[in-house]
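Inspection log for the structure reproduced underneath, given as structure tokens.
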Amino acid sequence: MTELDRNIAEGIKSHFADVVLEARVQRDLRIVVTVEKEHILEVARYISSEVGFDHPASVAAVDYPMQGKIEVVYYIWSTSKRTFLALKTAIPRAEPKLNSLTPVWSGVDFHEREIYEMFGVSFTGHPNLRGLLLQEDWEGPPPLRKDFKLRTKLERG
Amino acid sequence: MQVSWGPQHPASGHLRFILDVDGDSVLNLEPDVGYTHRGIEKLTENRTYLQNIPVVERINSYCDATNTVLGYIEVVEELLECEVPERARFIRVIMAEMNRIASHLYWLCLMSISVGFETMLMWTMNERELFLDLFEMITGARITYSALRPGGVRYDIPHGFEEVATKYLNHFERRLKDYYKMIFENSTFRLRTIGVGSISSSDAIKLGLVGPCLRASGVATDVRKDEPYEVYQNFDFNIPVEKAGDAYARSLIRFHEMEESVSIIRQALRSIPEGPIRKRVPLVVPKGEAYSRVEAARGELGYYLVANGTDKPYRLKVSTPSFRNMAALPYITRNVTIADIPAIYMSLDLIPLDIDR
Amino acid sequence: MEWKRSFGLLTSILSFFASLALIFLNFIGPLLFSLQFYELIIKVAVFPGLMYISIFAILIIWFERKFLARVHLRIGPLHVGPMMGILQPIADFLKLMGKEIIVPDKAHKIVYNLAPIAVVAVSCSSIAFMPFGWVAPGKNWVIYETPYNLLIILILFTLHPLIIIAAGWGSNNKYSFIGAMRAAFQLLAYEVPMVFCIAGVAMMAGSLDLVRIVESQSKIWFGVVEPLGLIVFFISMMAELIRRPFDIPVAEQEIVFGYPTEYSGVQFMCFMMAEYVNLCVASLLLAGLFLGGWLGPAFLPPIIWFIIKSLIVCLFVIMGRATWPRLRMDQLLRVGWSLLIPLAILQIVIVLLLLLIFPTFPMWLGFRG
Amino acid sequence: MVTSILRPLSMAFQHVFRRTFTVKYPFKVLKPAERYRGRLMLRSIDGCIGCGLCSWVCPTKAILVVQEAERKAPSLDLGRCCMCGLCVEICPSPLALTFTSAYELCEYDKERLIYQPWRLSQPPAEPPREYVRVKDIDEKRLISHGR
């Protein structure tokens, strides 16, 4: 299984030599591909149509305020190759913009809406970029960013 | 005409669909979720790994607590790189499968009431009660167990559990036959579900459906087989797959999954080894990131954990099955009647708690 | 909110005595001081009239809840009353009486408030034409004796969709309106096979008088001779009564509660009351048309036989709720228009052919004497 | 087709004569399991060493260590408690925190939900009534709670 993963990672790396920053095998069934944010759409098109990663599992974002970046990770499962791939990219925190991957995997629609709402990352090309979970009149910073402070008092008075 | 279906509606649960209807037929459906949003992902960033166990359990507490926690435990253990005693793994599997049955029974109750069938609602609740009793024997709680820990489980299975469990499982298998006769062979239920909300396998993959919804469309994926966690590789079980992809196929998949779970529990009870149930693990998780996948009752449940070397997670992203299955809802509810909406909604087994987190 | 409470009380009293008044007005002049007048009072107030249908409704609600509970492996109502919660419906009734009547702001006030009264009045008045068998030679126990009783009962049945549409439209609620439209579709569709089944029976008996129809079944029941008619009539009766496999207009999981969604308190009770009075009338009708009515072995009086048969019909109607999930509207209409109506017509054709080929057939079976 | 219509009917009729599953709750109650996690209890105030671990581990901050006479002891806010049992697990003293089997914990006043150490150390009142369990399983007449 690891052999297959390594082959896939190397294939992606060699196809996009200058765009893919890193393609490695984290462990069994976990391929991690890091790309530059400008080229995420073409890499996604390639790995979905050519490599066969067709089943979107999750989209996560991680906020790193010290480094001034937000990392967006797409997790994709392949129903034919039966392995799991993480497509990572980092976007600047000051201007959080990313190409939406809904044309490639339509299943990431709601995930991207959630990321937009919780991290303020705006996905260009998303058909319906609105809030999802929070109330309509929500105001304030995106709540899952690290600079959002919880206002609830945890101690009992 | 726009009809608001929920959040206060007999069959909607805590979510809302905005339906564009023309007479009795639905033109478009727009899910409006978030009425039970508790911000669990944010809460976990302010609590230690141990304190997070009851917190993440609340993601889907009243159906599927064990499987929900199991995913979290898996991802923490992957970063801790700790060995888990064999007996603990067996207990985890027993609890996970029991919870799968309880969750599917809960689903069957909701499914049958969504087509207006109160009898099955009451019957399934009776048998679910037995499984909750078994949980009470093991963990002392009926719904939210908080029984799994990194490095093992908290409770060993008690003395005399095996006899009671075998008795209940025998009874449950007999009742499953009754269920099949009562609902799956019922002409009216078949009329209401066959061909309703069908989704092709390519669409299902593209939209990222998981679990029984995906398997009903003819895609045989199950994390328990693809990427065996705990001790699932030791057991002999099938993955039921259907071709049609409609509400009836999804129902049938869940029904057969209950039978498979009974067989897994029996095998686990037969081959459970003796030994310790828990190992000490450090409170601090080393720096790194991991993604764990478990097969919860509703499908694949993914946890993405970024740890920064403290005793609290830096970021914990939960990818819940209901959230992913919800993606199918706008697609398969075009040009159906209002009467089909509850049947489709329940056949996808969407739990608002699970969607909103 | 005191005036609203008293308004509710007023509505309830009105709705209960509306049926009384409706029937009363026709007779009050000529019969005021005769013996027939007091007989009529007993009939209207006690036996086929108010008392009977109230007790029937209360008992059947209790029985339905208890019976369904047993099928569900539950106990059902338990604590109210001396035996097995038998007074639970009365407790519910009192609770509904005490509730505030809420009229939605956007509702059409007149239509909204008149609909519950009308629905009770119409359903209760159909009991006036239902003969209950002989009490003395040549004398039937019926409030208003007419040879066209079957037709009048059917006409009163067809009035229901109109009132339901009025209730749904008057509430000015989307769910109510969808429910009302569903009810209109369903009730109008299932009126037709029902009438066809009655036509088959009437042809065989040679009369539209329910008394003649029952009395012609002295040798053999129509249900045995026309089983197709019995089945079609039973199914369309379930649909007319909006019972479980056909309770699409009040489907809770889909459209909250359909046309009575906005009604509360006494007004809601009126709709429920009308539903159970309809059940009473329809089950009596089926028993009379197909199951030999009040005919039976002599150890029980004929009226008791009639009621027992109607209760057995009610049991089967209630079973529907425990046994089958709800159908969908298009399936229901397809069954109605393309299965039940052809079957009912087939039954008529069979009867016609029988009458054509063996003209003596009804006499031979004792249908016409 | 006809069997699929009629079989549920016969199934429903059969179930009329089977045992009911219901417990007549306020008069009969289910017997909780031995490990049942009901209301927390301090076995004795003297057994508590006042270390504060329970307060530290509680994910909902339901437990607060307060001053009780000359020592420290936990007080519990039941309105926050989620019965997870982390406090009992972590408690180092064998004489301090434990679970009872009390689950009827409603109060009319929100203030009453806060259990100060002395009240926490009192065992819950048990009204006299009948305890039932799932009794026997019978293929014909199904399962019941001691009836």
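The values are calculated or read from the model by the stated rules, or taken from the named source; none is laboratory data. Computed from a predicted model, the values in this text were never measured in an experiment. So basically every Cβ, Gly included, is an ideal-geometry build from the backbone, and we count neighbours across all protein chains shown. Side chains included, ligands, DNA and RNA excluded: accessible areas come from the protein's heavy atoms. Shrake-Rupley method; radii C 1.70, N 1.55, O 1.52, S 1.80 Å.
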Residues that are of a type in the set (D, E, K, R) and within 11 Å of chain C (Cβ to nearest Cβ), drawn from region B:97-128: B:Glu118, B:Glu127
Go through region D:98-147 and count every residue that is farther than 20 Å from D:Phe21 by Cβ, surrounded by 13 or more Cβ atoms within 10 Å (Cβ to Cβ) and within 14 Å of another protein chain (Cβ to nearest Cβ). 9
Mind listing just one residue for me: the one in region D:43-73 that is in contact with a Cys (Cβ under 6 Å, 6 or more places away or on another chain) and part of a strand (DSSP E or B) and, of those, modelled with the lowest pLDDT? D:Ala73
Scan region B:72-89 and give yes if some residue there is facing another protein chain (nearest Cβ under 10 Å) and under 22 Å from B:Arg293 (Cβ atoms), otherwise no. yes
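Condition check ((1) within 13 Å of chain A (Cβ to nearest Cβ); (2) crowded, with 17+ Cβ neighbours inside 10 Å) across all residues:
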| residue | (1), (2) |
| --- | --- |
| B:Leu27 | no, no |
| B:Val33 | yes, yes |
| B:Asn46 | yes, no |
| B:Gln51 | yes, yes |
| B:Val56 | no, yes |
Take the conditions part of a helix (DSSP H, G or I), touching a residue at least 40 places away in the same chain (Cβ under 8 Å) and open to solvent by 20 Å² or more (accessible area, probe 1.4 Å) and apply them to B:Arg334. Does it pass? no
If we scan region A:100-114, do we find a residue that is assigned to a loop (DSSP other than H, G, I, E, B), away from every other protein chain (no Cβ under 12 Å) and open to solvent by 30 Å² or more (accessible area, probe 1.4 Å)? no
Find the residue count for region B:156-189, including only residues that are closer than 19 Å to B:Ile101 by Cβ and among the hydroxyl-bearing types (Ser, Thr, Tyr). 4
Within region A:56-78, is there a residue that is under 29 Å from B:Ser200 (Cβ atoms), more than 14 Å from the chain's Cα centre (by Cα), away from chain B (no Cβ under 11 Å) and surrounded by 14 or more Cβ atoms within 10 Å (Cβ to Cβ)? no
Quick check: is even one residue across region C:153-166 of a type in the set (Ser, Thr, Tyr), more than 14 Å from chain B (Cβ to nearest Cβ) and assigned to a helix (DSSP H, G or I)? yes
Is region C:108-117 home to any residue that is within 25 Å of the chain's Cα centre (by Cα), within 30 Å of D:Thr20 (Cβ to Cβ) and assigned to a helix (DSSP H, G or I)? no
Breaking point among (1) within 11 Å of another protein chain (Cβ to nearest Cβ); (2) closer than 17 Å to C:Gln217 by Cβ, for C:Gly366: (1)
Single match in D:Lys31, D:Lys24 (criterion: in contact (Cβ under 8 Å) with a residue 12 or more places away in the chain and within 12 Å of another protein chain (Cβ to nearest Cβ)): D:Lys31
Which listed residue is within 14 Å of another protein chain (Cβ to nearest Cβ) and of a type in the set (Val, Ile, Thr), from C:Val256, C:Val277: C:Val256
Do the conditions hold for A:Glu3, that is, is it surrounded by fewer than 14 Cβ atoms within 10 Å (Cβ to Cβ) and either farther than 25 Å from B:Leu305 by Cα or free of Cβ contacts under 8 Å to residues at least 24 places away in the same chain (or both)? yes
For region C:268-286, check the following and say yes or no: at least one residue is at pLDDT 85 or above and touching a Gly at 6+ places or on another chain (Cβ under 8 Å). no
If a residue must be out of contact with any Gly (no Cβ under 8 Å at 6 or more places or on another chain) and outside any helix (DSSP H, G or I), how many such residues does region D:84-104 contain? 6
When region B:218-228 is checked residue by residue, the ones that are open to solvent by 10 Å² or more (accessible area, probe 1.4 Å) and not in a helix (DSSP H, G or I) are B:Gly218, B:Val219, B:Ala220, B:Thr221, B:Glu227, B:Pro228
Being farther than 14 Å from B:Asn52 by Cα and within 13 Å of chain A (Cβ to nearest Cβ) is the filter; apply it to region B:307-322 and report the residue that is surrounded by the most Cβ atoms within 10 Å (Cβ to Cβ). B:Pro321
Within region B:203-210, identify whether any single residue is away from chain A (no Cβ under 14 Å) and either under 30 Å from A:Leu29 (Cβ atoms) or open to solvent by 20 Å² or more (accessible area, probe 1.4 Å) (or both), and answer yes or no. no
Determine if region B:7-15 includes at least one residue that is open to solvent by less than 10 Å² (accessible area, probe 1.4 Å), in contact with a Phe, Trp or Tyr (Cβ under 9 Å, 6 or more places away or on another chain) and more than 14 Å from chain C (Cβ to nearest Cβ). yes
Filter pass, B:Glu242 being within 26 Å of B:Ile73 (Cα to Cα), of a type in the set (Asp, Glu) and in a loop (DSSP other than H, G, I, E, B): no
Regarding C:Gln88, is this residue of a type outside the set (Phe, Trp, Tyr), open to solvent by 20 Å² or more (accessible area, probe 1.4 Å) and within 30 Å of C:Ala167 (Cβ to Cβ)? yes
Kindly list the number of the only condition in (1) in contact with a strand residue (DSSP E or B) (Cβ under 7 Å, 6 or more places away or on another chain); (2) free of Cβ contacts under 8 Å to residues at least 24 places away in the same chain that fails for C:Pro302. (2)
Scan B:Arg128, B:Arg100 and give me the residue that is open to solvent by 10 Å² or more (accessible area, probe 1.4 Å), within 19 Å of B:Val164 (Cα to Cα) and under 15 Å from the mean Cα position of the chain (by Cα). B:Arg128
Mind counting the residues in region C:205-227 that are in contact with a Pro (Cβ under 9 Å, 6 or more places away or on another chain), farther than 17 Å from C:Ala287 by Cβ and not polar (S, T, N, Q)? 2
Quickly run through region D:30-63 and pick out the residues that are at positive phi and of a type in the set (D, E, K, R). D:Lys61
Report, ordered by the first and then the second residue, all pairs with beta carbons closer than 7 Å, sequence separation of six or more or different chains, a first member in region C:180-206 that is open to solvent by 10 Å² or more (accessible area, probe 1.4 Å), and a second member that is outside any helix (DSSP H, G or I). C:Ala202/C:Leu208; C:Gly206/C:Arg368
Look at C:Ile143 and say whether it is assigned to a loop (DSSP other than H, G, I, E, B), crowded, with 17+ Cβ neighbours inside 10 Å and within 24 Å of the chain's Cα centre (by Cα). yes
Looking at region B:149-167 only, could you name the residues that are more than 8 Å from chain D (Cβ to nearest Cβ) and either under 21 Å from B:Arg270 (Cα atoms) or at pLDDT 90 or above (or both)? B:Gly152, B:Val153, B:Asp156, B:Ile157, B:His159, B:Gly160, B:Phe161, B:Glu162, B:Glu163, B:Val164, B:Ala165, B:Thr166
